[in-house]
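The values are calculated or read from the model by the stated rules, or taken from the named source; none is laboratory data. Please read these numbers as outputs of a predicted model, since none were measured by experiment. FYI the Cβ positions are ideal-geometry reconstructions off the backbone, even for glycines, and counts take in every protein chain you see. Note: areas computed on protein heavy atoms with side chains; ligands, DNA, RNA excluded. Shrake-Rupley method; radii C 1.70, N 1.55, O 1.52, S 1.80 Å.
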Amino acid sequence: MTIHELAKELNVSAATVSLALKGDSRVAEATRQRVLEYADKRVYRANEQARNLRLGRSGLVALMVGNIASDFWSGAVKAIEDVLGESYSVIVCNSDGNLEKEKKLLDNLAARSIDGLIVQPADNNQLSHLAAL
(Lines give C-alpha, C1' and ligand atoms only; values in the text may rest on other atoms or scores of the structure.)
Protein backbone atom coordinates (compact mmCIF):
# COMPACT_ATOMS: atom_id res chain seq x y z
CA MET A 1 0.00 0.00 0.00
CA THR A 2 1.34 3.42 -0.96
CA ILE A 3 0.71 6.89 0.42
CA HIS A 4 -1.26 7.66 -2.73
CA GLU A 5 -3.54 4.65 -2.17
CA LEU A 6 -4.09 5.67 1.46
CA ALA A 7 -4.88 9.22 0.36
CA LYS A 8 -7.40 8.05 -2.23
CA GLU A 9 -9.17 5.78 0.26
CA LEU A 10 -9.27 8.53 2.90
CA ASN A 11 -10.24 11.22 0.38
CA VAL A 12 -7.30 13.47 1.31
CA SER A 13 -4.14 14.47 -0.53
CA ALA A 14 -0.98 12.38 -0.52
CA ALA A 15 0.77 15.36 1.06
CA THR A 16 -1.73 15.31 3.93
CA VAL A 17 -1.11 11.60 4.49
CA SER A 18 2.65 12.11 4.41
CA LEU A 19 2.52 15.00 6.86
CA ALA A 20 0.11 13.15 9.14
CA LEU A 21 2.36 10.09 9.25
CA LYS A 22 5.28 12.34 10.22
CA GLY A 23 3.24 14.00 12.98
CA ASP A 24 3.40 17.42 11.34
CA SER A 25 1.42 20.08 13.23
CA ARG A 26 -0.03 21.49 9.99
CA VAL A 27 -2.44 18.54 9.88
CA ALA A 28 -5.52 18.77 12.07
CA GLU A 29 -5.41 16.35 15.00
CA ALA A 30 -8.62 14.61 13.92
CA THR A 31 -7.26 14.08 10.39
CA ARG A 32 -3.93 12.89 11.72
CA GLN A 33 -5.64 10.33 13.96
CA ARG A 34 -7.83 9.14 11.10
CA VAL A 35 -4.78 8.70 8.84
CA LEU A 36 -2.76 6.91 11.54
CA GLU A 37 -5.59 4.56 12.45
CA TYR A 38 -6.33 3.71 8.84
CA ALA A 39 -2.64 3.23 8.01
CA ASP A 40 -2.31 0.91 11.01
CA LYS A 41 -5.43 -1.01 10.01
CA ARG A 42 -4.10 -1.43 6.45
CA VAL A 43 -0.62 -2.34 7.77
CA TYR A 44 1.01 0.54 5.91
CA ARG A 45 4.80 0.55 5.92
CA ALA A 46 6.86 3.40 4.52
CA ASN A 47 8.86 2.48 1.43
CA GLU A 48 12.41 3.20 2.55
CA GLN A 49 13.84 2.59 -0.92
CA ALA A 50 11.59 5.25 -2.43
CA ARG A 51 12.42 7.66 0.38
CA ASN A 52 16.14 7.06 0.06
CA LEU A 53 15.96 7.47 -3.73
CA ARG A 54 14.25 10.84 -3.27
CA LEU A 55 16.87 11.88 -0.69
CA GLY A 56 19.76 10.65 -2.84
CA ARG A 57 21.06 8.14 -0.34
CA SER A 58 20.86 4.40 0.27
CA GLY A 59 20.68 4.26 4.06
CA LEU A 60 23.43 1.62 3.96
CA VAL A 61 26.90 1.57 5.48
CA ALA A 62 29.17 -1.35 4.71
CA LEU A 63 31.72 -2.84 7.06
CA MET A 64 34.36 -5.00 5.39
CA VAL A 65 36.66 -7.04 7.57
CA GLY A 66 39.29 -9.66 6.97
CA ASN A 67 38.04 -12.08 9.63
CA ILE A 68 34.63 -11.59 11.20
CA ALA A 69 35.31 -14.42 13.66
CA SER A 70 37.83 -12.35 15.60
CA ASP A 71 36.78 -11.16 19.04
CA PHE A 72 37.54 -7.57 18.11
CA TRP A 73 35.09 -7.43 15.19
CA SER A 74 32.17 -9.00 17.02
CA GLY A 75 32.28 -6.13 19.52
CA ALA A 76 33.06 -3.55 16.83
CA VAL A 77 30.01 -4.52 14.75
CA LYS A 78 27.73 -3.99 17.73
CA ALA A 79 29.35 -0.64 18.53
CA ILE A 80 29.04 0.54 14.92
CA GLU A 81 25.37 -0.44 14.77
CA ASP A 82 24.75 1.32 18.10
CA VAL A 83 26.37 4.54 16.84
CA LEU A 84 24.58 4.52 13.49
CA GLY A 85 21.28 3.84 15.24
CA GLU A 86 18.15 3.83 13.15
CA SER A 87 19.63 6.11 10.49
CA TYR A 88 21.56 3.41 8.68
CA SER A 89 21.56 -0.33 8.14
CA VAL A 90 24.95 -2.03 8.32
CA ILE A 91 26.05 -4.59 5.76
CA VAL A 92 28.87 -6.78 7.07
CA CYS A 93 31.24 -8.34 4.52
CA ASN A 94 33.99 -10.82 5.33
CA SER A 95 36.89 -10.87 2.84
CA ASP A 96 38.76 -13.72 4.57
CA GLY A 97 41.87 -11.57 4.07
CA ASN A 98 41.67 -12.33 0.33
CA LEU A 99 42.39 -9.33 -1.90
CA GLU A 100 40.47 -10.72 -4.89
CA LYS A 101 37.41 -11.49 -2.77
CA GLU A 102 37.64 -8.00 -1.29
CA LYS A 103 37.66 -6.43 -4.77
CA LYS A 104 34.55 -8.43 -5.78
CA LEU A 105 32.75 -7.43 -2.60
CA LEU A 106 33.65 -3.78 -3.17
CA ASP A 107 32.28 -3.93 -6.73
CA ASN A 108 29.04 -5.36 -5.36
CA LEU A 109 28.83 -2.63 -2.71
CA ALA A 110 29.55 0.11 -5.26
CA ALA A 111 26.60 -1.14 -7.33
CA ARG A 112 24.38 -0.70 -4.26
CA SER A 113 25.42 2.94 -3.82
CA ILE A 114 26.34 2.62 -0.16
CA ASP A 115 26.55 5.81 1.86
CA GLY A 116 29.67 4.81 3.75
CA LEU A 117 32.36 2.18 4.05
CA ILE A 118 34.37 1.03 7.04
CA VAL A 119 37.11 -1.28 5.90
CA GLN A 120 39.93 -3.35 7.26
CA PRO A 121 41.81 -3.91 3.99
CA ALA A 122 43.10 -7.37 3.14
CA ASP A 123 46.42 -5.85 2.11
CA ASN A 124 47.45 -2.46 3.48
CA ASN A 125 49.98 -2.11 0.67
CA GLN A 126 47.32 -2.33 -2.08
CA LEU A 127 44.61 0.14 -1.22
CA SER A 128 44.07 1.54 -4.73
CA HIS A 129 40.98 -0.63 -5.31
CA LEU A 130 39.20 1.24 -2.51
CA ALA A 131 39.27 4.46 -4.55
CA ALA A 132 36.56 3.03 -6.83
CA LEU A 133 33.97 3.81 -4.19
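Whole number in Å², please: accessible area per residue of the chain, 1.4 Å probe, ligands, DNA and RNA not counted.
Values: 8760 Å² over 133 residues.
That works out to 66 Å² per residue.
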Problem set entry | Given charges at Cβ of Lys, Arg, Asp, Glu: the chain dipole, positive-most of Gly56, Val90, Leu36 | Leu36
Exercise. Going by alpha carbons, how many degrees (0 to 90, nearest 10) lie between the helix axis of 29-41 and the longest principal axis of the chain?
Worked result: 60
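Take the solvent-accessible surface of the protein heavy atoms, probe 1.4 Å, and return the percent of it on the chain that carbon and sulfur atoms account for.
Details: 4340 of 8760 Å².
Ligands and nucleic acids excluded, carbon and sulfur give 50 percent.
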